[in-house]
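Heads up, the thing below is written out as C-alpha cells.
The values are calculated or read from the model by the stated rules, or taken from the named source; none is laboratory data. Computed from a prediction, not measured in an experiment: that's the story for all the values here. When we count neighbours, we look across all protein chains shown, and the Cβ atoms used for this are built from the backbone with ideal geometry, even at glycine.
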Ligand SMILES: Nc1ncnc2c1ncn2[C@@H]1O[C@H](COP(=O)(O)OP(=O)(O)OP(=O)(O)O)[C@@H](O)[C@H]1O
Ligand SMILES: [Mg+2]
C-alpha cells in the first residue's frame, strides 16, 4: 500500500534555553515518497530531523515518533539507525584524512572480535558507491574528492547502513548545478528501490523537481502539507515567508561610475606548484555588481582568497584600488584599505562559533569601536543590534552563541561582520548558500542598497539564476582563466555554461 | 525581543559561571567541619591566600595562553630562573632590590620573546617549545645557583613575599575598592541608559552590588583580622584586575579569544595572529618572572628545585576554573578561583594530616571531576 505512512511525528515540541524551536509540529511521511521539508532559516527543519534521529534523545522533547504504526523511543543515533533512519547533515560529517571505504564503514565496521574485515568492507563500499554512481576506488582519500563527490560518499555511507528513511539536510547547498542534478537523479532511483526520502532544501526548483509531497514549517510550527501538484512556486514561497514575495531578484538600474578596483595579470600557484589562476584581469566599477560564475573547482574561491594573500603563492599580478596600487600582505591590510571578503565556508572562515553574535559581528571592526585599544561595549551592542535587525537575524538575543543559530542565520552574521567594516569593495563568495528565499531577496536588496551608495560588489555564485538575476556583468571562469564575459541583458544559463565548461572561449574585454 | 527569554538565556550562563565558586565554598565548608573550624579561622585563610599567590599569578596569564590554544610547561623553570637571577645578583653582586627586580623581569620578557618566536613565527607546537624550555631553563637555574641555595636576601626584597599592609591601611584599601566598584557599576548603568539599552531593575542591581561588596568586605576582613593584607596577595588582586580588564575590555584580549576560538576566521577578519601570540608570550614571561620573585622572596632564598611541578598546579587551576583546552574559552577570575581550590585542598588536607599519598590521589580525582562537571553543564547551557 503506497499510501501508508512510514513515519508519523506528532505534536513535537522542542525547547532550547530562550527559544522554542519546535512547537507541536506534525509531520507525516508516506512510504516510498520523496517528502520535501521547507521553511525559512531557523524554522526548525534541522531540529526536527535531529529529534527524529535521536541526536536529541527521547525525553528532551515532547511528542511521539511513530514508524510503521509503532511508537518509537530513540535514545541515541544508533537506535534510529537500527530502524533504518539515516541522516545526512547540513554539515558533512566525513573525515577528510580517511579514504572512502574507511569513511563509509566508520561506525559500522564489518568486524569479527573487533578486528576489521577489510575485504568485506571494500565490497560493501563498492556496492554502495555503485548505487550512487560514483566511479572511484574505495581506497581514494576523501581529501582528493570534490565537495560534490564527498556528498555522494556521504549518501553511499547512508545506503550501506540500509536506510529505509533517508534524510538529506540541504545536500545541494555546496554543489554545482550539474552535481546537484546528478544527486537528484540518484534520489529518484533510490525512490524506485523503495527508499523513503525526506529532503530539505532552500532551492525550490529542486523541491518541485523531485518531491511528491511538501511540508512547510514556519517559526517552529507546521504550516501545511501539500501534494506537489496542489502547489505553485509562488504559493509555496508565500506559505514559507508568510507574505507575498513578488520578485526574488529585485533588479534595479545601477549607475556605473569610475573603476574602483582592478586586478591585473593575476597568476597564482597552489602548494603543489600547479598553476591554479592564470593571468586573470578584471575591473570593477563603483556602483556595479560583478558576478563571477563557473563550475565548482574553476578557481573562483582560490582567486579571491589569493587576493587576500591567504591562499596559494602569487607569481605575478597587481591590485589597484581607486587607481592606486595596493600591496596586500595579509587580510588586515586589505580590510584596512576597504576590501571585505565573505568566504564561502562560514564555519571555517566566517565564524568563531563559540562566541556570540555580537562579538562575531564586531570582530573585523574592533578598532572602530575602540578608543585607545579599549572596547566601548555599548557601541558594539549598537552595531550588533543594527545588523541583526537590518539582516533579520532570527535570534532571542545578540548574546546567543553563533553555534546555536540555524545555518542561514549564521550566514547573515558573517554578512553583518563584513558590512560593519564599511568596505568600498565587497567580495561575496556564495553569499546565499543555505539561505531561504525571503532572506535571499533581503540580501539582494541590501547588496543593491550598498551598490547605490557607491560600493563595488563582486558576487561569486554557483547558482545561475542568482548570478543572472542580480549582476550587472558576469565573468565566467574555467580552469583558472576567464573564458567569457556577459552583460546582464545578454546572459542566459546556456551561454554561461558554455563558457564555464570551456566549450567556448572569448577574449575577455579588458577595458571593462 | 522577549524579555523573559533574554532573562532565561542569561540565567543559564550565570549559573555556569558560579559553579566553581560554589565548589570553592563547599570545599571550605567541608574542611571547616572536618577540622573543627581551624580551616576557616582568619589566620589559616590568610595563609591559604598567601600559599595561592605564586600559582595564581601564573594561572592568570596561563588562562590567556590556553585560550589561544597554546600552553606553557616551562613556567616552573622560568619562575625559578627569574628568582635565581635576582637572588644571584643581589647576594653575590650586591645589586639593590629595584635593579634585581628589573633584571628578573627582563629575563622573563626575553624568555617570552624566545617562546613567541618559535611558537608564533616558526609554528613549532607550544607543547614542544615549552617542554624544551622546561629542561633548558631548569639547567640554567642549576648553572646560576651552582647547585646550591642562594640566601639571604635584603629586607626590601623579602618584603615582596613576607610583609603585610597595616590593618588600618588595609581597611582603607578595602573601602576604596568597594567605592570604586560601586561607582564603576553605576557609571556602566548610566552609559547603558544613555544608549537606550535595557538595564537590570534597580532593586536587583542594588542587591547585586550589596552581595559583591559584602564579599569583597569579607575577604578584606579575614585578612585584617589576621595581620592585614599580605603584600603578595594585594599584588595578585591588582594583577587579576589588570588581566581581567585586558581579557574582557581591550582589543588585544578580544583578539586572543577569537584566535583561540577559530584561528582561520580570525585571520580572515584581519587579526595578526603571530603578533598577538608573540605579545602574549612576552607579557606572560614577565608575569612568570613576577611569580618567581614572589616565590623567592617568600622563601628568602633561591633554590635549585623552586617551582618544580608548578606547571601542573597552574594548568589544573586554569582548567578547574573553566578554561577550555580546545581554546577560545576561559576567564581570569575563574582561574584565580581554580588556584584557590587547589590551594584549599593542599591546605585543608595538611591541616588534617592526610597522608601525602591520598593528597595526590584526591587532588587528581577532583581535577577530573571538575572538568567533567564543566563539560556536562556546558552542553546544557
Ligand atoms: N543547540 C541550540 N541551542 C539553542 N538554540 C538552537 C539550537 N539549535 C537550534 N536552535 C534554534 O532553533 C531554531 C531552529 O533551528 P534549525 O537549525 O532547526 O533551523 P532550520 O530550519 O534548519 O534553518 P536553516 O534553514 O537556516 O538551516 C533556531 O532559532 C535556532 O537558533
Ligand atoms: Mg538547518
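Touching a strand residue (DSSP E or B) at 6+ places or on another chain (Cβ under 7 Å) and within 16 Å of ligand 1 (Cβ to nearest atom) - does that describe any residue in the stretch A:443-461?
No, that holds for no residue.
Looking only at the stretch A:409-422, how many residues end up being near ligand 1 (Cβ under 10 Å from one of its atoms) and touching a helix residue (DSSP H, G or I) at 6+ places or on another chain (Cβ under 6 Å)?
At the first step, the residues of the stretch A:409-422 found to be near ligand 1 (Cβ under 10 Å from one of its atoms) are A:409-412.
Subsequent filtering for residues that are touching a helix residue (DSSP H, G or I) at 6+ places or on another chain (Cβ under 6 Å) retains A:410-411.
Going through the stretch A:409-422 one residue at a time, the tally reaches 2.
Can you tell me which residue in the stretch A:172-190 is farthest from ligand 1 (Cβ to nearest atom), limited to those that are modelled with pLDDT under 80 and not in a loop (DSSP other than H, G, I, E, B)?
Step by step, filter the stretch A:172-190, then rank; the result is A:178.
I want to confirm something. Restricting to the stretch A:408-429 and keeping residues that are in contact with a strand residue (DSSP E or B) (Cβ under 9 Å, 6 or more places away or on another chain) and farther than 26 Å from residue A:258 by Cα, which single residue is nearest to ligand 2 (Cβ to nearest atom)?
A:411
Conditions (1) within 27 Å of the chain's Cα centre (by Cα); (2) within 14 Å of another protein chain (Cβ to nearest Cβ); (3) at pLDDT below 95; (4) near ligand 1 (Cβ under 10 Å from one of its atoms), marked per residue:
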position	(1), (2), (3), (4)
A:16	yes, yes, yes, yes
A:37	yes, no, no, yes
A:48	yes, no, no, yes
A:71	no, no, yes, no
A:93	yes, no, yes, no
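Take residues that are within 21 Å of residue A:293 (Cβ to Cβ) and tell me which of the helices (runs of 4 or more DSSP H) falling wholly in the stretch A:357-451 contain 1 or more.
Numbers: elements: A:357-362, A:377-390, A:407-420.
Output list reads A:407-420.
Within 16 Å of ligand 2 (Cβ to nearest atom), within 26 Å of the chain's Cα centre (by Cα), within 14 Å of chain B (Cβ to nearest Cβ) and over 21 Å from residue A:186 (Cα atoms): does that describe residue A:21?
So residue A:21 passes the test.
Got a sec? Which of A:271, A:250 is in contact (Cβ under 8 Å) with a residue 40 or more places away in the chain and in contact with a helix residue (DSSP H, G or I) (Cβ under 7 Å, 6 or more places away or on another chain)?
Result: A:250 is the single residue among A:271, A:250 that is in contact (Cβ under 8 Å) with a residue 40 or more places away in the chain and in contact with a helix residue (DSSP H, G or I) (Cβ under 7 Å, 6 or more places away or on another chain).
Any residue that is within 26 Å of the chain's Cα centre (by Cα) and either surrounded by fewer than 20 Cβ atoms within 10 Å (Cβ to Cβ) or within 14 Å of another protein chain (Cβ to nearest Cβ) (or both) - is there at least one of those in the stretch A:287-299?
Yes, because at least one residue in the stretch A:287-299 is within 26 Å of the chain's Cα centre (by Cα) and either surrounded by fewer than 20 Cβ atoms within 10 Å (Cβ to Cβ) or within 14 Å of another protein chain (Cβ to nearest Cβ) (or both).
Assuming residue A:144 fulfils every condition listed in (1) out of contact with any helix residue (DSSP H, G or I) (no Cβ under 9 Å at 6 or more places or on another chain); (2) closer than 25 Å to residue A:347 by Cα; (3) modelled with pLDDT of 80 or more apart from one, which condition is it?
Here residue A:144 meets the rest and fails (3).
Let's see how each residue does on (1) over 27 Å from the mean Cα position of the chain (by Cα); (2) part of a helix (DSSP H, G or I):
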| residue | (1), (2) |
| --- | --- |
| B:184 | no, yes |
| B:189 | yes, yes |
| B:196 | yes, no |
| B:228 | no, no |
| B:233 | no, yes |
| B:243 | no, yes |
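Quick check on residue B:181: is it within 14 Å of another protein chain (Cβ to nearest Cβ), surrounded by 14 or more Cβ atoms within 10 Å (Cβ to Cβ) and out of contact with any strand residue (DSSP E or B) (no Cβ under 6 Å at 6 or more places or on another chain)? Please lay out each step first, then the result.
Values: within 14 Å of another protein chain (Cβ to nearest Cβ): no; surrounded by 14 or more Cβ atoms within 10 Å (Cβ to Cβ): yes; out of contact with any strand residue (DSSP E or B) (no Cβ under 6 Å at 6 or more places or on another chain): yes.
Spelling it out, it is not the case that residue B:181 is within 14 Å of another protein chain (Cβ to nearest Cβ), surrounded by 14 or more Cβ atoms within 10 Å (Cβ to Cβ) and out of contact with any strand residue (DSSP E or B) (no Cβ under 6 Å at 6 or more places or on another chain).
Considering only residues that are assigned to a helix (DSSP H, G or I) and more than 16 Å from ligand 1 (Cβ to nearest atom), look in the stretch A:199-224 and name the one that is surrounded by the fewest Cβ atoms within 10 Å (Cβ to Cβ).
A:205
Quick one: would you say residue A:425 is more than 10 Å from chain B (Cβ to nearest Cβ), within 15 Å of ligand 1 (Cβ to nearest atom) and under 30 Å from residue A:475 (Cα atoms)?
On the way: more than 10 Å from chain B (Cβ to nearest Cβ): yes; within 15 Å of ligand 1 (Cβ to nearest atom): no; under 30 Å from residue A:475 (Cα atoms): yes.
No, not satisfied.
From the list B:271, B:279, which residue is within 14 Å of another protein chain (Cβ to nearest Cβ), part of a helix (DSSP H, G or I) and either at pLDDT 95 or above or buried (at least 24 other Cβ atoms within 10 Å of the Cβ) (or both)?
Criteria check complete, one pass: B:279.
For the stretch A:371-388, name all the residues that are at the interface with another protein chain (Cβ under 7 Å from one of its Cβ atoms), in contact with a strand residue (DSSP E or B) (Cβ under 9 Å, 6 or more places away or on another chain) and within 16 Å of residue B:188 (Cα to Cα).
Listed by number, the residues that qualify are A:374, A:375.
How many residues does the stretch A:158-171 contain that are surrounded by 22 or more Cβ atoms within 10 Å (Cβ to Cβ), more than 13 Å from ligand 1 (Cβ to nearest atom) and at pLDDT 85 or above?
2
So that you can scan it fast, the table gives a plain yes or no per residue for (1) without any contact (Cβ under 8 Å) to a residue 40 or more places away in the chain; (2) buried (at least 20 other Cβ atoms within 10 Å of the Cβ); (3) under 30 Å from residue A:173 (Cα atoms); (4) within 8 Å of chain B (Cβ to nearest Cβ):
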position	(1), (2), (3), (4)
A:310	yes, no, yes, yes
A:313	no, no, yes, no
A:316	no, no, no, no
A:324	yes, no, no, no
A:335	no, yes, yes, yes
A:341	no, yes, yes, yes
A:346	no, yes, yes, no
A:353	no, no, yes, yes
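Provide a single number: the residues in the stretch B:245-254 that are part of a helix (DSSP H, G or I) and at the interface with another protein chain (Cβ under 7 Å from one of its Cβ atoms).
4
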